[in-house]
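A.B. asks: Quick one: this structure, given as structure tokens, is what I'll be asking you about.
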Amino acid sequence: QVQVVESGGGLVQSGGSLRLSCSASGITFSSYDMSWYRQAPGKERELVATITSDGGSLNYADSVKGRFTVSRDNAKNTVYLQMNSLKPEDTAVYYCNALKRLAFSQVLTYWGQGTQVTVSS
């Protein structure tokens with residue numbers, strides 16, 4: 001049974017920091033690209049950051065570049081999102097996603113349940 005579980009969300013003041021964690025079980029973690037998405041009320045879910053399976057490539061949404069850092073520890077089956085200089089517009093539910101590309105353009109993908117991040121002004 002695959003489980004993807006986020007933790008570390010909470011309430012923080014503008015300019016503050018939070019570190020999100022996402023642990024995955026039931027998969028070969030080191031074979032999966034890991035991403036963080038977020039969804040604010042009334043808005044579509046958006047990609048925040050991605051780290052490839054070996055950690056060799058990182059990508060960020062323009063809105064978080066220079067403030068957020070994604071990292072992973074394959075020995076612990078965990079991916080992290082360090083969020084600094086938080087702004088009220090970062091308020092959202094943050095979701096962790098695991099994705100593995102298969103042959104013929106198919107993918108295996110799993111989602112966590114999300115963790116709420118609220119940034120007060």
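The values are calculated or read from the model by the stated rules, or taken from the named source; none is laboratory data. In this text the structure is predicted, and so the values were computed from the model without any measurement. Here Cβ is always computed from backbone atoms with ideal geometry, including for glycine, and neighbour counts include all displayed protein chains. Note: accessible area is taken over every heavy atom of the protein model, side chains too, but ligands, DNA and RNA are not part of it. Shrake-Rupley method; radii C 1.70, N 1.55, O 1.52, S 1.80 Å.
A.B. asks: If I stretch the segment between V5 and S31 completely, what's the gain in nm (0.36 nm per residue apart, minus their alpha carbon distance), one decimal?
C.D. replies: The span from V5 to S31 would gain 7.6 nm if fully extended.
A.B. asks: What net charge is computed for the residues neighbouring L108, neighbours being all others with C-beta under 9 Å from the C-beta of L108, Lys and Arg scored +1, Asp and Glu -1?
C.D. replies: Values: positive: K100, R101; negative: none.
Taking every other residue near L108 into account, the sum is +2.
A.B. asks: Can you tell me which of F29, F68, F104 moves the most in a GNM of the chain? Springs connect C-alpha atoms under 10 Å apart.
C.D. replies: F104
A.B. asks: At 0.36 nm per residue, minus the direct Cα-Cα distance, what do S71 and N84 gain on full extension? Give it in nm, one decimal, please.
C.D. replies: So the extension gain works out to 3.3 nm.
A.B. asks: Let me ask something additional. Say each of D54 and L108 gets a label point 7 Å from the Cα, pointing the same way as Cα to Cβ; how far apart are those two points in nm?
C.D. replies: Distance between the two pseudo-spin positions: 2.0 nm.
A.B. asks: Summing Lys, Arg as +1 and Asp, Glu as -1, what charge do residues with Cβ under 14 Å from the Cβ of S53 carry, S53 excluded?
C.D. replies: Result for the neighbourhood of S53: 0.
A.B. asks: Averaged per residue, what accessible area in Å² does the chain show with a 1.4 Å probe, protein chains only?
C.D. replies: 53 Å²
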